[in-house]
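A quick write-up on the structure given underneath.
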Amino acid sequence: MNILVCIKQVPDTTEIKINPETNTLMREGVPSIVNTFDSYALELGVRLKEEHGGKVTVMSMGPEQAKAALKECLSVGADEAYLLSDRAFGGSDTLATSFILANFAKQLENEEGKFDLILCGKQAIDGDTGQVGPEMAEHLGIAQVTYATDIKAEGDKTLVKRENDQGYDWIEVLSPAVITVTKSDFEPRYATLKSKIAANKAEIHVLNSKSINIDVEKCGLKGSPTKVKKSYTPKKENNGIIIKEETASASVQTLMRLIADKKVI
Amino acid sequence: MEITNEMRDLGDLIEKYFKNEVDPVVAEYDARGEYPEKVYNDLIEMGLNLLAVPTEHDGLMVDHKTETYIAEILGRHDCGIASAIGVNNSACSTMNFFGNDEQKKDFFGILTSGKLAGFCLTEPNAGSDSASVKTTAKLDGDEYVLNGTKCFITNGGIAGVYIVIASTDLSKGTKGLSVFYVEGNREGLIIGKHEDKMGIRLSNTTQIIFEDCRIPKDHLIGQEGKGFVYAMKTLGTSRNFVGGMAVGLAQRAIDECVEYAKSRVQFGKPIAYKQGIQFMLADMQTQTAAARELAYHAADLIDKNEDYEIYVSMSKLFASDVAMKVTTDGVQIFGGYGYMKEYPMEKMMRDAKILQIYEGTNQIQRVVISNIMLSK
């Protein structure tokens with residue numbers, strides 16, 4: 001299988017703080033990681049490769065420093081890495097981003113062959129929009145499945161385990177397709193020391209708007225219809241409490257005591 | 001000491017693994033005195049047993065600065081696991097110094113197949129006094145036959161191969177010692193009792209008994225009678241791993257103390273406001289910083305192959321003494337809680353003690369250091 005995985009370098013949100021005055025993320029000194037859901041997508045891609053053979057290519061759009069994220073991907077099973085980096089791409093909203101990525105994915109097929117699957121994380125943990133994957137599928141005019149937790153390839157068929165509110169569905173989809181991946185039952189693998197050293201030495205292909213020959217009017221701020229009017233931290237409302245005693249009956253007793261204390265009943 | 005990006009890259013991976021997978025289970029395994037098999041398997045999968053295996057034998061062969069850095073990270077999380085890796089590296093070091101190509105291929109092949117190595121020198125009556133080694137190796141046709149008992153063997157029972165120091169001529173004392181490598185599954189290599197230790201309880205320590213254990217003649221490393229020299233040369237570099245571990249352990253203890261001192265309120269204020277505590281913290285950090293510089297300087301000298309032996313001994317001596325002092329003070333800062341197993345400090349103090357004892361006691365280090373000083 002020939003698989004393309006789209007990844008984003010994001011600040012490690014477990015360590016991030018929000019500037020109370022500007023309501024923006026304080027990125028200084030915060031370590032960068034591969035977006036968590038993208039790591040699951042990559043792990044799924046690498047597992048498919050290990051089972052069926054083929055190749056996993058990763059791509060990302062971002063500044064030069066995003067190379068580190070791509071190297072991380074190379075250390076856990078990706079074979080080739082591409083970074084799209086250009087000032088003209090700066091300020092892209094999800095529409096412009098998906099336009100750039102979809103365009104490049106098409107061009108990449110000249111180098112890497114037709115992709116059977118394009119995998120993305122279901123959303124990035126910094127922007128949380130969840131739009132880039134589905135929009136890529138639209139730009140490319142191919143099928144899409146979102147919220148996947150597992151993928152099986154059986155002959156020509158690709159089966160996708162899609163999470164829903166009640167449980168999950170197994171969906172059959174035609175290749176090529178874009179599949180966005182959520183947290184799976186398995187954890188992404190750790191790199192080995194050897195793969196780390198190899199990834200460090202590996203070449204990351206860096207390309208700009210000229211080298212991928214793209215309409216820059218549709219990229220970056222110019223190509224982005226989304227305008228952010230205001231960003232703010234939603235007010236935290238700590239109305240709920242969770243009661244979790246050792247047994248259900250103990251929990252009920254605690255709950256009843258709380259209700260009684262409030263003189264509700 | 002500059003930590004390069006390459007070093008940090010490897011360090012971050014190990015740190016991430018230990019934070020996620022080891023820290024949560026350390027107390028449980030420490031209480032049981034059992035080595036965490038899954039963790040060991042994961043670490044071998046990661047390649048942590050290949051740090052001192054040459055690249056031509058499919059290893060990583062990192063430089064000693066990187067090895068010290070990794071020792072520091074391991075020491076931060078658990079000195080038992082760190083010891084297992086340190087001993088593995090000592091065994092590799094003997095092979096690197098004195099093994100021939102065929103032996104290296106054989107020995108390192110066992111490691112790349114997913115096993116650890118062990119190092120068998122100590123015996124019940126031969127600790128600091130290596131001349132009292134009573135395990136014998138007698139040549140019989142194309143084979144050596146080994147007999148004797150080794151004790152306190154780190155990775156005992158789990159190693160795939162051991163470096164073994166045995167006497168080929170008891171009448172010659174240290175000059176009768178020779179070095180062999182023995183596969184863990186050789187007939188006549190018997191795993192003796194599991195040692196119940198005060199600290200580093202996540203390492204597996206056993207007796208190793210040789211009962212007419214036959215090994216091919218070509219398992220003799222270097223020449224007969226050079227065993228003591230080879231062992232000393234090995235320990236003369238590999239014990240810097242202890243320096244690195246000790247620094248990591250001490251720094252972890254300090255970090256825990258700083259957190260605790262800021263949150264523990266007595267007399268209406270966090271105890272961090274008390275000058276008595278502040279001065280202790282300042283001394284702990286100063287000593288640890290000095291130990292760190294010494295350890296990395298020694299590593300740098302090994303990498304440059306400049307007179308490193310005295311620095312390696314000073315690093316092992318000083319860093320382990322510092323780790324003992326810092327963890328003892330750490331227990332003091334934690335007060336009654338420091339003495340309780342529920343808190344992390346008492347384990348660190350127990351773990352620190354062995355660092356002053358193994359890989360050459362700190363008294364032996366002083367002998368090494370003064371001998372070098374006086375022989376000039």
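The values are calculated or read from the model by the stated rules, or taken from the named source; none is laboratory data. Here the structure is a predicted model, which is why all the values come from computation and not from measurement. Every residue, glycine as well, gets a Cβ built from its backbone with ideal geometry; the counts of neighbours run over all protein chains shown.
Tabulated results
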item: Conditions (1) within 14 Å of chain B (Cβ to nearest Cβ); (2) assigned to a loop (DSSP other than H, G, I, E, B); number of the one not met by A:E245; result: (1)
item: Extreme residue, farthest from B:V25 (Cα to Cα), among residues of segment B:190-210 that are aliphatic (A, V, I, L, M) and out of contact with any Gly (no Cβ under 7 Å at 6 or more places or on another chain); result: B:I190
item: Given (1) under 18 Å from the mean Cα position of the chain (by Cα); (2) more than 21 Å from B:N88 (Cα to Cα); (3) surrounded by fewer than 20 Cβ atoms within 10 Å (Cβ to Cβ), index of the condition B:Q251 fails; result: (3)
item: Which listed residue, of B:M95, B:M1, B:M61, B:M46, is modelled with pLDDT under 95 and either touching a helix residue (DSSP H, G or I) at 6+ places or on another chain (Cβ under 8 Å) or among the basic types (K, R) (or both); result: B:M1
item: Condition check for B:E293: under 23 Å from the mean Cα position of the chain (by Cα) and at pLDDT 95 or above; result: yes
item: Residue ranges of strands (runs of 3 or more DSSP E) in segment A:165-226 with at least 3 members β-branched (V, I, T); result: A:177-181
item: Residue among B:A282, B:A289 that alone is closer than 29 Å to B:K233 by Cα and either out of contact with any strand residue (DSSP E or B) (no Cβ under 7 Å at 6 or more places or on another chain) or surrounded by fewer than 19 Cβ atoms within 10 Å (Cβ to Cβ) (or both); result: B:A289
item: Single condition B:D307 does not satisfy, out of (1) touching a Leu at 6+ places or on another chain (Cβ under 9 Å); (2) within 16 Å of B:G236 (Cα to Cα); (3) part of a helix (DSSP H, G or I); result: (3)
item: Residues satisfying the stated conditions in segment B:105-122, i.e. buried (at least 21 other Cβ atoms within 10 Å of the Cβ) and not aromatic (F, W, Y); result: B:L111, B:L116, B:A117, B:G118, B:C120, B:L121
item: Considering residues of segment A:149-200 that are among the polar types (S, T, N, Q) and more than 14 Å from chain B (Cβ to nearest Cβ) only, the residue farthest from B:M46 (Cα to Cα); result: A:Q166
item: Any hit, segment B:242-256, residues being out of contact with any Leu (no Cβ under 9 Å at 6 or more places or on another chain), of a type outside the set (S, T, N, Q) and farther than 19 Å from B:Q356 by Cβ; result: yes
item: Test result for B:I302, among the aliphatic types (A, V, I, L, M), touching a strand residue (DSSP E or B) at 6+ places or on another chain (Cβ under 9 Å) and either closer than 30 Å to B:N371 by Cα or touching a residue at least 24 places away in the same chain (Cβ under 8 Å) (or both); result: no
item: Condition met for B:K341 (on the phi < 0 side of the Ramachandran plot, outside any helix (DSSP H, G or I) and surrounded by fewer than 23 Cβ atoms within 10 Å (Cβ to Cβ)); result: yes
item: Some residue of segment A:184-203 being more than 30 Å from B:E56 (Cβ to Cβ), surrounded by 16 or more Cβ atoms within 10 Å (Cβ to Cβ), of a type in the set (A, V, I, L, M) and in contact (Cβ under 8 Å) with a residue 24 or more places away in the chain; result: no
